[in-house]
Number of protein chains: 2
Amino acid sequence: MRIAVDVMGGDYAPRKIIDGAKLAYEELEGLVEIQLVGNKEIIKKFNIPDGFSIVDTSQVINAGEPPLEAYRKKKDSSLAKAVELQKSSEVDVTISAGNTGAAVAFSILTLGRLEGVDRPALATFFPTRKGKVLVLDVGANSGVKPLNLRDFGVMGSLYLKKVFSLNNPSVGLLSMGKEDTKGGKSVQEAHNMLSEANINFIGNIEGYDILNGNADVVVCDGFAGNAVLKFGESLVDFILSEIKEGTSKNLIAALGGLLIRPVFKDLMKKVNYEEYGGAVLLGVNGITVICHGKSNEKAIKSAILKGYKFYDLKVNSLIQESLVK
Amino acid sequence: MRIAVDVMGGDYAPRKIIDGAKLAYEELEGLVEIQLVGNKEIIKKFNIPDGFSIVDTSQVINAGEPPLEAYRKKKDSSLAKAVELQKSSEVDVTISAGNTGAAVAFSILTLGRLEGVDRPALATFFPTRKGKVLVLDVGANSGVKPLNLRDFGVMGSLYLKKVFSLNNPSVGLLSMGKEDTKGGKSVQEAHNMLSEANINFIGNIEGYDILNGNADVVVCDGFAGNAVLKFGESLVDFILSEIKEGTSKNLIAALGGLLIRPVFKDLMKKVNYEEYGGAVLLGVNGITVICHGKSNEKAIKSAILKGYKFYDLKVNSLIQESLVK
């Protein structure tokens, strides 16, 4: 398999992106060719193994840059090129830890959709009390149709089955209340369609059910999924920074903070989205794994391994088979 | 002012509801008449002050009960009666810590909407790094129109101005990305309408901006608001229970936990939604303050004071004036 890694995107780019690529290369040696996409002069400063090739680009897309503007203006960016290489069949997978919205836009616009898929969805893991849950869509769309939500359920289910060897993943539909009528007509229709799909649909769930881990997949419109994801991340930051500030106020609290440091380390591991190795854009005619901006080398490695499995297990063919009528 | 308190709703009903009503009565003595609505036999077991009256009802609505079903079947519930008393002008304000969805449904269906308001919205506070932010709608509607979002901005703004004496509150519109086009057409149109409204509109914000406290009011569709609220609550529970479990694993961690207890107490105060004294249903032709199910006497007292101010400052008339064209 051949993989293009956008080395210019992410808070710790390019160092940790390159380090992550090296780790994945070691683990997958013989199975993968890696192309580092970015400014050649910068990349060459790092110690690059022989098996790697470099694809030189001149532009970089910043974190806050409007995705569609970037798509129009930055044709020679590392992200544009990393996706373009897939389009021209020079690589099989693209990895980026850069601007998420841009990675979504470039992938959908450049690669197009799989046959049978009306709307691709960005799928990412949230930690739960029992392990983790795949939530989709977290921001590729807003205002989706019931059919799109049904497709999200099918795609998420197949992804967990194949890439994570999960037997019969349970799928929940995000809604607003216990009543089927509560989430609006669209959610109600989606409920019916998901019930008829060939998946383990467990019905509607509410916002506070996401973390209880009863559903392996949570299906929702990208607007709500995006709000929940971003709010959740900022809430974790908020709570941890409040505790940090509190433990620096006096010696006793500081000592307490020191003593429970291992507890926090365990907690951070659980709630740390970086550990999960990137969101996958399901339904696109290609494979793009989009990593968190804060990704370290471990997260990048994990994303590459995920992309490898996605490719190797032909998940896209399975999605297409399931959704083409 | 006359107030009906549903004493049968809430995790700590009726004791803490009654205790809260007593606290508010002491603070507002001479200014308020309190009617306790619920099972007379149960209420009479408590020490009820002379100034209180009891309205006897036979039914109770449970926390998980589907709201519309409850509305059809439980005409003699404490909630139904507490709202009905407003409709028949026997009280001015209703307070309930019971089933939120039911309180919303009963209020809208029984009291109707204010003139000029197409959709009432449930408005509640989230804690932020700087204080608190009013988020609406958190679950009265899903699939709202741009005009509704504009109205939410106007109503939230007036509410903060009057009841919380906040000068020129800033209003943000929840969206999905930096680009105006990102949240879909409806959010885009709402953006334009909010810009033209007579409020301090600061533009679109994203999920992770809610907690930074830059906006005093965050406007969103009830589906997303509800998901964020419920997810946020469960995330706080999740993190705190993980820390609790971690500090019970060994003696050192337990000692650490003990030493930082004051830090947690401060944190709990900040993130504890109970402290904020209930959500208000804005746009309804009446005043209903809906408390969190976990409300203690302090939360109930605070909700009653809020209802009092809302009534006393004639917020509904101001909303109507602002929204009737």
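The table below gives the values:
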{"item": "Which numbered condition A:K306 fails, given (1) basic (K, R); (2) surrounded by fewer than 16 Cβ atoms within 10 Å (Cβ to Cβ); (3) at pLDDT 90 or above", "result": "(2)"}
{"item": "Some residue of the stretch A:30-52 being part of a strand (DSSP E or B), aromatic (F, W, Y) and without any contact (Cβ under 8 Å) to a residue 40 or more places away in the chain", "result": "yes"}
{"item": "Tally of residues being exposed (fewer than 13 other Cβ atoms within 10 Å of the Cβ) and more than 20 Å from B:I304 (Cα to Cα) across the stretch B:41-57", "result": "3"}
{"item": "Residue that is farthest from A:E206 (Cα to Cα), among those in the stretch B:71-92 that are crowded, with 24+ Cβ neighbours inside 10 Å and hydrophobic (A, V, I, L, M, F, W, C)", "result": "B:V91"}
{"item": "Residues within the stretch A:53-68 that are at pLDDT 95 or above and either outside any loop (DSSP other than H, G, I, E, B) or out of contact with any Lys or Arg (no Cβ under 9 Å at 6 or more places or on another chain) (or both), tallied", "result": "6"}
{"item": "Filter result for the condition that a residue is part of a helix (DSSP H, G or I), within 14 Å of another protein chain (Cβ to nearest Cβ) and either closer than 17 Å to B:E297 by Cα or out of contact with any Asp or Glu (no Cβ under 7 Å at 6 or more places or on another chain) (or both), over B:Y71, B:Y25", "result": "B:Y71"}
{"item": "Out of B:G232, B:G257, B:G184, sole residue that is facing chain A (nearest Cβ under 7 Å) and on the phi > 0 side of the Ramachandran plot", "result": "B:G184"}
{"item": "Any hit, the stretch B:213-224, residues being among the polar types (S, T, N, Q), assigned to a helix (DSSP H, G or I) and either modelled with pLDDT of 90 or more or more than 25 Å from A:G225 (Cα to Cα) (or both)", "result": "no"}
{"item": "Yes/no for A:S78 being out of contact with any Leu (no Cβ under 8 Å at 6 or more places or on another chain), on the phi < 0 side of the Ramachandran plot and of a type in the set (G, A, S)", "result": "yes"}
{"item": "Test: residue in the stretch A:90-99 that is among the acidic types (D, E) and within 12 Å of the chain's Cα centre (by Cα)", "result": "no"}
{"item": "Residue in the stretch B:265-285 that is over 15 Å from the mean Cα position of the chain (by Cα), part of a helix (DSSP H, G or I), within 14 Å of chain A (Cβ to nearest Cβ) and within 15 Å of A:F264 (Cβ to Cβ) present", "result": "yes"}
{"item": "Answer from A:V7, A:V83 - the residue that is within 15 Å of A:K301 (Cα to Cα) and hydrophobic (A, V, I, L, M, F, W, C)", "result": "A:V7"}
{"item": "Boolean, A:V138 is more than 8 Å from chain B (Cβ to nearest Cβ), closer than 27 Å to B:G184 by Cα and within 23 Å of the chain's Cα centre (by Cα)", "result": "yes"}
{"item": "Matching residues, the stretch B:148-194, being charged (D, E, K, R) and at pLDDT 90 or above", "result": "B:R150, B:D151, B:K161, B:K162, B:E189"}
{"item": "Residues being facing another protein chain (nearest Cβ under 8 Å) and buried (at least 23 other Cβ atoms within 10 Å of the Cβ) - total across the stretch B:212-224", "result": "5"}
{"item": "Of all residues making up the stretch A:270-301, the number that are buried (at least 22 other Cβ atoms within 10 Å of the Cβ), polar (S, T, N, Q) and over 28 Å from B:S241 (Cα atoms)", "result": "1"}
{"item": "Members of the stretch B:237-254 found to be touching a residue at least 12 places away in the same chain (Cβ under 8 Å), more than 7 Å from chain A (Cβ to nearest Cβ) and surrounded by 14 or more Cβ atoms within 10 Å (Cβ to Cβ), listed by number", "result": "B:L240"}
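Residue-wise test of (1) surrounded by fewer than 24 Cβ atoms within 10 Å (Cβ to Cβ); (2) away from chain B (no Cβ under 12 Å); (3) among the β-branched types (V, I, T); (4) closer than 27 Å to A:L235 by Cβ.
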position	(1), (2), (3), (4)
A:L109	yes, yes, no, no
A:G116	yes, yes, no, no
A:L122	no, no, no, yes
A:K130	yes, no, no, yes
A:R150	no, yes, no, no
A:L160	yes, yes, no, yes
A:F164	yes, yes, no, yes
A:I205	yes, no, yes, yes
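The values are calculated or read from the model by the stated rules, or taken from the named source; none is laboratory data. No experiment lies behind these values; they were computed from the predicted model shown. Don't worry about glycine lacking a Cβ; one is built from the backbone with ideal geometry, like all the others, and counts go over all protein chains shown.
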